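Each remark here refers to the structure printed beneath this line.
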Amino acid sequence: MVGAKAIAGPSTSLHLTQQDSEVCSVIVKPPFYQVSGCRSVPCTCCCHSRWPHLTESTYSRLFYILLHAGASAVCCLLLSRTVVERVWGKTHGIQMPSGLCAHLFGHSHCPVLSGSGAVYRVCAGTATFHLLQAVLLVHLHSPTSLRAHLHNSFWLLKLLFLLGICAVTFCIPDEHLFPAWHYIGICGGFTFILLQLVLITAFAHSWNKNWQTGASQDCRWFLAMLLATLGFYSMAGVAAVFLFHYYTHPAGCLLNKILLSLHLCFCGLLSFLSIAPCIRLKQPGSGLLQASIISCYIMYLTFSALSSRPPESVILQGENHTLCLPGTSITEPQTPDTSLAVLSAGIMYACVLFACNEASYLAEVFGPLWIIKVYSYEFQKPSLCFCCPETVEVKEGQGEGAARPDDQETSPVPPVQAQHLSYSYSAFHFVFFLASLYVMVTLTNWFSYEGAELEKTFTKGSWATFWVKIASCWACALLYVGLLLAPLCWPPTQDPKPPPIFMQHCHRISVAR
């Protein structure tokens, strides 16, 4: 991506391709790979030219994603009471052998190898693994640096190290692990939620600014904006209808009705503020597209919260009925639906992976203050890569996200072989550290981790998880409103730039429709 503009013609392209192969031969065979369990060869050396060129760091990122997904799957299996009973035949969980326990702890009371205790220990191992790598890779800006190989190689050693950390955590007694690690997990989980909210709002702002830049030049971009906005609002509306239909009942569910109505009011308020004249005077890039994306996300958080709420029981016609959960009919007893639980868990983990990868990319492009700079970035030209600015554009603009001086040092290596990291290794591991804590507290019902079971977490829910997700929804709305209203407190500039005439015309068309 960085050296894309260096390819000017066929001869130049051929020359760079030859140099690229030479660079590959240098980078693929560092001495560190001799002690690595498996070697990741960059795709630029082995794939056809019509396929995207993948780098070592990309393969490393995929490996870490699979590693984290595998650890999360192990946590789910250890937390599932059904799996423990069917595989090990244990009703009250798996115990360590009494002889080994007496040798390690000096008494026969062993930590349980299943349930919430096992989830805490596995996540403690993965979190420590990523935190150590995040510390070791701080201020790393070159993929050919000595420390970069700690991220891109040593796979067998790192896997053994991770398993060793997890094994050590299982040797820690419950009374020494739970008190401190529980509060660390709560703080890390809330921090990860706030990071997700920042990323989703930055995603909406970037997409809207990107396509508005094109809409000021070509009506086709405006049509694309209009269709995307209508699509997101349609999804939010359909989600609201389904939530009212499946998560409310004429005989109860008053809290669900109040929350759904309140969140719909939030969506309407956000949409109104996004196109308010005073807001657009300070932020010409504000529009309905970003409001529609946030409205969809609010409806998802509402669905996730309502599906995590414990059911409500009432007596109808002399029979006990379970309400506030999806059922087949309003008059029939409602029962938990595992398919919705699986859908909610899948979307949740997809958001986790999006946050981990997007945060590490933005941290490398914009630097340490990327959380602030990403909102002020202005697109010079529209593109279909609506989720985030491209590295080339940021460095050419020399604006808020200009490249650091360390990244501009001369080197005999050709420009196609990037001398800059495609994402921040340190930020990548730190966000995975927070993600491990978030997965841990989510699976164990946040504050009420005692007696947590996988079947109850995603089907029967808990009030702690319910209110955490409701608070996340409110925080998302407040963050978006704060981003819209904050520029109103800034002093006026000497040469304010009003919205372009074409954009005002497109805005009137959008409001009229």
Return the residue satisfying two criteria in turn: it lies in the stretch 243-260 and is touching a helix residue (DSSP H, G or I) at 6+ places or on another chain (Cβ under 9 Å) and without any contact (Cβ under 8 Å) to a residue 24 or more places away in the chain, and of such residues it is farthest from Leu325 (Cα to Cα). Lys257
Count - residues of the stretch 422-473 that are assigned to a helix (DSSP H, G or I) and either among the acidic types (Asp, Glu) or under 22 Å from Leu137 (Cα atoms) (or both): 14
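Rundown of residues vs (1) within 20 Å of Gln196 (Cβ to Cβ); (2) modelled with pLDDT under 75; (3) in contact with a Gly (Cβ under 8 Å, 6 or more places away or on another chain), yes/no style:
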| position | (1), (2), (3) |
| --- | --- |
| Thr328 | no, yes, no |
| Pro333 | no, yes, yes |
| Ala345 | yes, no, no |
| Glu364 | yes, no, no |
Report yes if Leu288 is over 16 Å from Ala204 (Cα atoms) and surrounded by 15 or more Cβ atoms within 10 Å (Cβ to Cβ), otherwise no. no
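Take the conditions in contact with a Ser or Thr (Cβ under 9 Å, 6 or more places away or on another chain) and modelled with pLDDT of 70 or more and apply them to Trp467. Does it pass? First the steps, then the outcome.
On the way: in contact with a Ser or Thr (Cβ under 9 Å, 6 or more places away or on another chain): no; modelled with pLDDT of 70 or more: yes.
Criteria not met by Trp467.
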Just need a number here: residues in the stretch 234-258 that are closer than 15 Å to Tyr297 by Cα and either outside any helix (DSSP H, G or I) or modelled with pLDDT under 85 (or both). 0
Taking the condition of being more than 23 Å from Thr457 (Cβ to Cβ) and not small (Gly, Ala, Ser), how many residues in the stretch 299-320 meet it? 6
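The values are calculated or read from the model by the stated rules, or taken from the named source; none is laboratory data. None of the values given here were measured: they were computed from a predicted structure. Note that each Cβ is placed from the backbone with ideal geometry, even for glycine, and that neighbours are counted across all protein chains shown.
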